[in-house]
Amino acid sequence: MLGADAAWPVWDGEAPAGAFTLQDGAATPEQAVVAAVAHPVLLGFTPAQPNGRAMLVLGGGGYTALMAGREGVAVARWLTGLGYHAYVLIHRFPDADHGPAAPLDDARQAMRLIRGMGQAELGVVGLSSGGHLAACLAADYPAEWTERTGPHAEHDTRPDVLVIGYAPISTNAAGRTIIADKPPLPPVEKQAMYDRLQPDAQLRAGPPPCFITYAGNDPVVPVENARRLHAAWERAGANAELHVFADAPHGFALDTQDLPVAIWPQLCEAWLRQVGFLK
């Protein structure tokens, strides 16, 4: 499944086969885009030389599709090259079928499932909307939402480190947009999710070390999102490293060549070593 070494249902009793639909069934795993998700699936990628730690990978796609290739499988392969066990989450979307909490519930359960496999030291890499979802793992869960429960409930959902790229942290939330009179985002469940999940404003005390990378001229996700996220970490007195590249496209991922932004994975690797999450 997308070239993974293993696959697991995120929730008990749901078989991975047929759990999600690709936009193009002929696409390579590194270019795959998920168009619909009936049941969330966790894809596992094993390193040749394990370093004893793991990373959950959350790709983008605006919560209406999922860039499972460029921002999922490709990122997992980069991480396994560094020695991490990497896990790509194919999560449900916030829509009429699944409600606004579905992506966060799936991500939190994925954290529990990975830790239940014995991966005690676990970080998260999230790009674009996946970066918003990653940041939500360090924030409070809405008190008025009823969280779905499953196996391994004893395990913490808080990451040990976070890597967040070009994510819409809170500028999609009502009252916090950068674009004046920005209309609500369809479907209504997606806008409700963004309104309620603003991780910069809802950050839990003692957040994990965080590496943040954005484009200063991003036409899709304003760089103000990076500043809000970094400021939240500063207010918490926590470790956050921010890199803003002046000129880069939205969705630069790992394959944007011939621009300064291409070095961000090397900068991130050096940072992971500095904070002690990479030997």
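The values are calculated or read from the model by the stated rules, or taken from the named source; none is laboratory data. All of these numbers come straight from a predicted model, not from anything done at the bench. Backbone-built Cβ (ideal geometry, glycine too); neighbour counts: all protein chains shown.
Of everything in the range 9-21, what is in a strand (DSSP E or B) and surrounded by fewer than 17 Cβ atoms within 10 Å (Cβ to Cβ)? Give them in sequence order. Listed by number, the list holds a single entry, 21. Exactly one condition in (1) over 20 Å from the mean Cα position of the chain (by Cα); (2) within 19 Å of residue 133 (Cα to Cα) is false for residue 228; which is it? For residue 228, the exception is condition (1).
Which of the residues that make up the range 139-164 are part of a loop (DSSP other than H, G, I, E, B), within 27 Å of residue 213 (Cβ to Cβ) and in contact (Cβ under 8 Å) with a residue 60 or more places away in the chain?
Within the range 139-164, 140, 159, 160, 161 meet the criteria.
Look at residue 162 and say whether it is crowded, with 18+ Cβ neighbours inside 10 Å, at pLDDT 95 or above and within 25 Å of residue 269 (Cβ to Cβ). Here the answer is yes, as residue 162 does meet what is asked. Of the numbered criteria (1) under 27 Å from residue 96 (Cβ atoms); (2) assigned to a loop (DSSP other than H, G, I, E, B), the one residue 207 fails is (1).
Yes/no matrix, rows are residues, columns are (1) under 26 Å from residue 68 (Cα atoms); (2) crowded, with 16+ Cβ neighbours inside 10 Å; (3) touching a Ser or Thr at 6+ places or on another chain (Cβ under 6 Å):
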position: 173; (1), (2), (3): yes, yes, no
position: 179; (1), (2), (3): no, no, no
position: 214; (1), (2), (3): yes, yes, no
position: 218; (1), (2), (3): yes, yes, no
position: 226; (1), (2), (3): yes, yes, no
position: 237; (1), (2), (3): no, no, no
position: 240; (1), (2), (3): no, yes, no
position: 246; (1), (2), (3): no, no, no
